[in-house]
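Step one of this worksheet: look at the structure below.
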Amino acid sequence: MKLVKIWESNLEKAYELQSSFPQEETGFCNSAYGYTLEQFAEYVENCRMHSMGLNLKEGFVPDTIFVLMDDNENYVGIFNLRHYLNEFLANDPGHIGMGISSKYRRKGYATKGLALVLKEAKKIGIEEAYLSCLKTNIRSFRAQQKNGAVIRREDDLRFYTKIAL
């Protein structure tokens, strides 16, 4: 199992994976929802630029989008690692967003993928990763807990967690 930066991935396979997600599901927002392959290629190039801090919209921070690939080279999930937090990110989604394609769920991919992303976070100097998930998305919460997450706060809808690196 490994992470691949989306701009270093197979474009068609990454497009198929991204297209498998609805626009929003259990807190995961599909930024490329409804894109054609050509539009997706532009999106991927923008992801590369954003990872370097270029062409960011106001209020956005540099981030790296990873594709999680299993041992058979199937593209199973998408992880977003934000390089640092602004006030909004610190109080809501945090450093890491993740989504596992529906056909690969309940196989431990979120837990394993999150562990790999946390290693990447540590490499860029993050000492404590913030995450969040809907309370109804218990699988995401369990994946976070299996990687050392503790609840830092909660509200009616979400758990807000942190993981020391």
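The values are calculated or read from the model by the stated rules, or taken from the named source; none is laboratory data. All of these numbers come straight from a predicted model, not from anything done at the bench. We place every Cβ from the backbone using ideal geometry, glycine too, and count neighbours over all the protein chains shown. Heavy atoms of the whole protein, side chains included, go into the accessibility calculation; ligands, DNA and RNA do not. Shrake-Rupley method; radii C 1.70, N 1.55, O 1.52, S 1.80 Å.
For segment 67-165, the gyration tensor built on C-alpha atoms gives an oblate shape. Its axis ratio a/c (a ≥ b ≥ c) is at least 1.5, and a/b is not larger than b/c.
The chymotrypsin sites (Phe, Trp or Tyr not before Pro) of segment 1-33 that DSSP puts in a loop, and whose beta carbon has at most 15 other beta carbons within 10 Å, are TYR33. Take the chain with all the other protein chains still there, run a 1.4 Å probe, and you get 55 Å² of accessible area per residue. Subtracting the Cα-Cα distance of MET52 and LEU11 from 0.36 nm times their residue separation leaves 12.8 nm of extension gain.
Only helices enter the 222 nm calculation for the chain: every DSSP H run of n ≥ 4 contributes -39,500 (n - 2.57), and dividing by all residues gives -9500 deg cm²/dmol, rounded to 500. Along each principal axis, taking the top coordinate minus the bottom one, the Cα set of the chain gives 41, 36, 30 Å in descending order. Secondary structure note: in the chain, about 100% of the DSSP beta bridges are antiparallel.
Bridgeable lysines around LYS135 (alpha carbons under 19 Å apart, same-chain partners fewer than 8 residues away excluded): LYS146, LYS162.
Carbon-plus-sulfur accessible fraction, the chain (probe radius 1.4 Å, protein heavy atoms only): 47%.
Normalised by the number of residues in the chain, the average gap of Cα pairs under 8 Å and 6 or more apart makes the relative contact order 19 percent. Full extension of the chain between LEU37 and ILE124 gives 28.2 nm of extra length, using 0.36 nm per residue less the Cα-Cα distance. Computed on segment 1-56, with alpha-carbon pairs under 8 angstrom and 6+ residues apart, the relative contact order is 32 percent.
Shown here for segment 1-71: GluC sites (Glu not before Pro) in loop regions (DSSP other than H, G, I, E, B) with at most 10 other Cβ atoms within 10 Å, namely GLU58. Loop-resident GluC sites (Glu not before Pro) (DSSP state other than H, G, I, E or B) in segment 68-165 with no more than 16 further Cβ atoms inside 10 Å of their Cβ: GLU73, GLU127.
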